[in-house]
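For reference, the structure is listed below as structure tokens.
Readers should treat all values here as calculations from the given coordinates under stated rules, not as data from a laboratory. Predicted, not measured: the structure shown is a model, and the values here were computed from it. With ideal geometry, Cβ positions are generated from the backbone for all residues, glycine too; neighbour counts draw on all protein chains shown.
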């Protein structure tokens, strides 16, 4: 099984080298391109003001973020969640620079470039010359944006997971994976020596138990036992 992490971030701006900081990080786990339900999500106090332009994008104010965990306080859990899996992001270079800046700032190893997969680059290759923002791709693939008012890291990660599936082959790929699972189950059943049931099934009772049961019926039920009229008792007795 191929495990990957879909990741999105929100920040105070465009460049951590000029003082911008990560303020929200959202990740979801996918296995064979399908979300498993496991996720990681945190808001982070950037220890600086929030520019008005950035707040218009994601709606996260300085007042809201003040008192939230600092990145170094959530770093170990983030690193543990990601593990050694590839990381999928839209315009991955942007997210990578912020994530690695924060990781290195608190003494953790960065996530190396060769582990990142950029869905923007994938979209540009598939749809050259077209507008390939996350919103545009959602509309192109008919993925609902109803749950999204402003940009949010976890919401966008879920949307990106759907976009990523489409970029990898879409619903046909999902059906293909379903078929693979079905074949694996069938193979496991075969390996376990499951076969057709013998018909009729062999009785679990002994001859003596059946004789006692028949005698009880003939003595106590007599002609009230409907099945005796159809010869069932005679067959059992014989």
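The ellipsoid equivalent to the alpha-carbon distribution of region 1-48 has semi-axes of 28, 11, 6 angstrom, derived from the gyration tensor eigenvalues as √(5λ) and listed largest first.
Ordered by the count of other Cβ atoms within 10 Å of each Cβ, fewest first, 21, 126 give 126, 21. Taking packing as the residue-averaged number of other Cβ atoms within 10 angstrom, the listed peptides 136-144, 87-95, 41-49, 108-116 run from highest to lowest as 87-95, 41-49, 136-144, 108-116.
Highest first, please rank the peptides 97-103, 62-68, 10-16 by the mean number of other Cβ atoms sitting within 10 Å of their residues.
97-103, 10-16, 62-68
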